[in-house]
Structures are given as structure tokens and as C-alpha cells.
Amino acid sequence: MATTFPFELVSPERLVFSGKVTEVIVPGTEGEFGVLAGHAPFVSTLKPGVLTIKGDGAPQKLFVRGGFAEANPQGLTVLAETATPLAEFRPEVLAQMIKDAEEDVEDARDEATRQKRQLYVESLKSAAAAIEADSRTAH
Amino acid sequence: MASLKDLRNRIASVKATQKITKAMQMVAAAKLRRAQMAAEAARPYAQRMETVLSNIAKAVSGGPDAPVLLTGTGKDNVHLLLVLTAERGLCGAFNSSIVRLTRERAYALMAQGKTVKIFCVGRKGYEPLRRLFEKQIVELVELRSNKGVTFADAQAIADKIMAMFSAGEFDVATQFYSRFHSVISQVPTAQQIIPATFPEEQVAANDGAAAVYDYEPGEAEILTDLLPRNLAVQIFKALLENGASEQGARMSAMDNATRNAGDMIKKQTLVYNRTRQAQITKELIEIISGAEAL
């Protein structure tokens, strides 16, 4: 049995997950990272993507968007504006989000915001691809 | 002197009112429990957000690339007052105490020569403020859903405020809401949200902890990303506190109303019985004196 550590996934409306886990894979802005017990103190912002919780039983996957992850000696905390289990997640919602974000790109007034919004669109798209790949393996 | 029929009608109408206030009290009690649970569920998020932000803020503040949301625009000429109230009345002094706090602050600021703009959330704050500050009200948001506030509502308000801030329409923003203390006590509170402030004890408790963390991307980037989110979180927290306060205030107001109605019914019934007896006595006297005259 691998060592476990406390993990909390919090959204503004409620505490989504709280418990002991062995590994969590978090979609960070600068790339996905896995957190095991005893991770160095660390703060990273999130990009839209799939968060995987590995503990007892099958790994749980959730779509998270907006927020940050904080690892400290007491454990890992992820604060996400939205956190939806993939099973309950509807692809149309994400498709709409991508569409909105693409419109934002076109509305951008200067190059810097345009690039930032473009990056956001790409991260949404890669999240969509990841979710689709996941649903294919699940069936 | 009111006739017996009038008295009966009056008692019946007070009884009907009492039934309504009683029902409203019970509805408010049920809603209060839900609102309190929502407020408690949101607390961990707001707390963690505050801890992390105050850690980073301390490391970054004073630096040249510190974001404007934290340091402010360097001026305080234009103040935005975000007034969070309810959509419905009949909840005691809940709305009026928030409005009073806002009004006092607005007059104090205007006396100092500052410009005041008002952003209303909820119709019950808008109506009394419109009479005093009609030209200064820049926005009105109504939250008319029965399902309670969602984070999306708070986000929408925060987005509007951010857009106004980026357009340079104000320098300092303060939100007014009612902090839920207990069912019988709600404290109208003013909280400055732009530039962001953190509770003193929080900052002191985290002293020295900031240096240990690794940040990805850099501290300043995280801060620019998190501060707008924090705005939404603070507004959301205030909305939830307000929701619980509103129900608490309504519950105690309706409890009082029910009790008053009960007292009134008792008094009216006493008058009714006395009048009835007086009438019977009068009739008897008439019959007896009629019989004696024969």
C-alpha cells in the first residue's frame, strides 16, 4: 500500500472531495503534474482540464476549471471554480465554453490579450480531447 | 362603539394575518437552514483563497510588478459602493440597516469631496437609494431566482466590476452587506474589495510561511490570475452571508408579528365578549322594566 496524504478539492459552493489519497494528477497552467505524499510546498494555477484522484478503488476523474492548487506538508488542496465529475459532465457545456472563448479571441483589442485568450481556447480544446479519449476507453 | 359584527370581522382579519405571518416565519426558518448550510459550505474556499493570497501578496507587494488590484490606482477620488440587499421586504430592519450604512458612508465621502458611484444588487436597496442618489447609481443587478445565489451570479457581478475598474471608472470599491451573526443579530458590514485587503490576524499568522513555497508560474502571474477570482469569491461570500441574514431577520420579524397578532386577538376578544355581555344585560333590563311598567 502506497503512502497516502490528505487531499481536498474545494469549489466555491461546496467541498467536493476530502479524504486520503495516494496520488492526484492536476492540470497546472504550465503542464500537468502528479502529486504524491511528501510533495514540496508548491502553488500553481490551474488550466481547464481533467483532474485524476487515485486512492482506494478506481481512479476518479473530474473536470476542473479556474483556480489553483496548493501543496504543503499538511497535504494538497485544489481550489477550482467548477469541479464536475466526468460522469456528470456534458460535452455541450464545454463546446459552448470553447465557442465563447473563441469569440473572445476575436474581440481582443491588443496582441497580448489575444494571445492569452488563444492559449485559453487551446487549453479548453485539449481538455475536450482528453475527456473524449476518456469516455472512449470507458465504454 | 363598534358593533358586534364589526368586532367579529376585525378578529377574523387579524387571525388571517397571523396565519400568514406564522407561515412566513416557518418558511424563513427552513430557508435559513439551507442558507446557513450554503454559507458554511462556501467558507473553506474563501478561507483557503485568503490564506494563499495573503501569503503571495506579502511577497509581491511593494514590488514594481505588483498588480493594481492589490495596490490600488494610487488615487482615491472615485469610490464605488457595492450595495448587496434582498429582493423582498418584510424582513425587519435588514434592508434598511444596510441602506443606512451605505448612506452614511456616501455622505461622509461626498463631504470629503470624493465622487461616489453606487452599484446596487437587489431591488430593496435600489429603491430607497434611488430617492437620494439617483444620478450616482451606475448599475442594478436583480437576483430573482428562488434557488438561492450561485457562484455564477457572483461571477457576473465581479465581471461587471472588473470591466468598470479596467475602464478606470473608479479607484476604490467597497461592498456593503449584512454579516450573519445569529438569528437575532445581523451586523451590517462594509468591506473594501478593491484594492484587496486581508484580515490583519491572517497576515500575522502566516508570517514567514510565504518563502517556503514554489510558485508556478511566477508569484506575480498567480496574483494577477487570482485577484479577479478573489473578487468573485468575496462577493459570493457576502451574498451568502446576506442570504442567511435576510432569512434570519425575516424569521425574527415574522415571529414578532405573529406574537403581536396574538396579543391583538386576545384584546379584541375581550372587548367582543364585554360588548356581547353588555348587550345581553341591556336587553334583560329592557324586558324587566317593561314587565314592571304593566
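Comparison of B:R229, B:R250 shows that the only residue that is crowded, with 19+ Cβ neighbours inside 10 Å and either modelled with pLDDT under 90 or of a type in the set (V, I, T) (or both) is B:R229.
Residues are listed down the side, and each one gets a yes or a no for (1) within 26 Å of A:F17 (Cβ to Cβ); (2) at pLDDT below 75; (3) out of contact with any Phe, Trp or Tyr (no Cβ under 9 Å at 6 or more places or on another chain); (4) crowded, with 16+ Cβ neighbours inside 10 Å:
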site: A:Q96; (1), (2), (3), (4): yes, no, yes, no
site: A:K99; (1), (2), (3), (4): no, no, yes, no
site: A:E103; (1), (2), (3), (4): no, no, yes, no
site: A:A108; (1), (2), (3), (4): no, yes, yes, no
site: A:R114; (1), (2), (3), (4): no, no, yes, no
site: A:L119; (1), (2), (3), (4): no, no, yes, no
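For A:G55, the stated conditions hold: it is surrounded by fewer than 20 Cβ atoms within 10 Å (Cβ to Cβ), modelled with pLDDT under 85, of a type outside the set (K, R) and touching a Ser or Thr at 6+ places or on another chain (Cβ under 8 Å).
Conditions (1) under 20 Å from B:I235 (Cα atoms); (2) within 14 Å of chain A (Cβ to nearest Cβ), marked per residue:
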site	(1), (2)
B:S13	no, no
B:A39	yes, yes
B:A42	yes, yes
B:E50	yes, yes
B:F94	yes, no
B:I98	yes, no
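Selection of the range A:54-88 for residues being within 13 Å of the chain's Cα centre (by Cα) and more than 14 Å from chain B (Cβ to nearest Cβ) yields A:Q60, A:K61, A:L62, A:F63, A:P85, A:L86. A single member of B:R34, B:R130, B:R103 is in a helix (DSSP H, G or I), touching a strand residue (DSSP E or B) at 6+ places or on another chain (Cβ under 7 Å) and either within 14 Å of chain A (Cβ to nearest Cβ) or charged (D, E, K, R) (or both), and it is B:R130.
Residue-level analysis places A:I131 among those that are in contact with a strand residue (DSSP E or B) (Cβ under 7 Å, 6 or more places away or on another chain) and surrounded by 12 or more Cβ atoms within 10 Å (Cβ to Cβ).
The number of residues in the range A:58-94 that are surrounded by fewer than 17 Cβ atoms within 10 Å (Cβ to Cβ) and among the basic types (K, R) comes to 1.
Mind listing whichever residues of the range A:68-92 are free of Cβ contacts under 8 Å to residues at least 24 places away in the same chain and either assigned to a loop (DSSP other than H, G, I, E, B) or not aliphatic (A, V, I, L, M) (or both)? First the steps, then the outcome.
The first filter runs over the range A:68-92 and keeps only residues free of Cβ contacts under 8 Å to residues at least 24 places away in the same chain, leaving A:84, A:87-88, A:90, A:92.
Matches in the range A:68-92: A:T84, A:E88, A:R90, A:E92.
Does the range B:62-83 include one or more residues that are within 14 Å of chain A (Cβ to nearest Cβ), in a helix (DSSP H, G or I) and at pLDDT below 85? Scanning the range B:62-83 turns up no residue that is within 14 Å of chain A (Cβ to nearest Cβ), in a helix (DSSP H, G or I) and at pLDDT below 85.
On the basis of being surrounded by 14 or more Cβ atoms within 10 Å (Cβ to Cβ), without any contact (Cβ under 8 Å) to a residue 24 or more places away in the chain and in a loop (DSSP other than H, G, I, E, B), does A:E13 make the cut? Spelling it out, A:E13 is indeed surrounded by 14 or more Cβ atoms within 10 Å (Cβ to Cβ), without any contact (Cβ under 8 Å) to a residue 24 or more places away in the chain and in a loop (DSSP other than H, G, I, E, B). Looking only at residues of the range A:16-50 that are among the β-branched types (V, I, T) and in a loop (DSSP other than H, G, I, E, B), we find that the one that is modelled with the highest pLDDT is A:T22. Give just the number: which of (1) away from every other protein chain (no Cβ under 13 Å); (2) under 23 Å from B:T51 (Cα atoms); (3) among the β-branched types (V, I, T) does A:V50 not satisfy? Condition not satisfied by A:V50: (2). Checking the stated criteria, B:R43 turns out to be modelled with pLDDT under 90, charged (D, E, K, R) and either out of contact with any Pro (no Cβ under 8 Å at 6 or more places or on another chain) or farther than 19 Å from A:R14 by Cβ (or both).
The values are calculated or read from the model by the stated rules, or taken from the named source; none is laboratory data. Computed from a prediction, not measured in an experiment: that's the story for all the values here. Ideal geometry is used to build each Cβ from the backbone, glycine not excepted, and the neighbour counts take in all protein chains shown.
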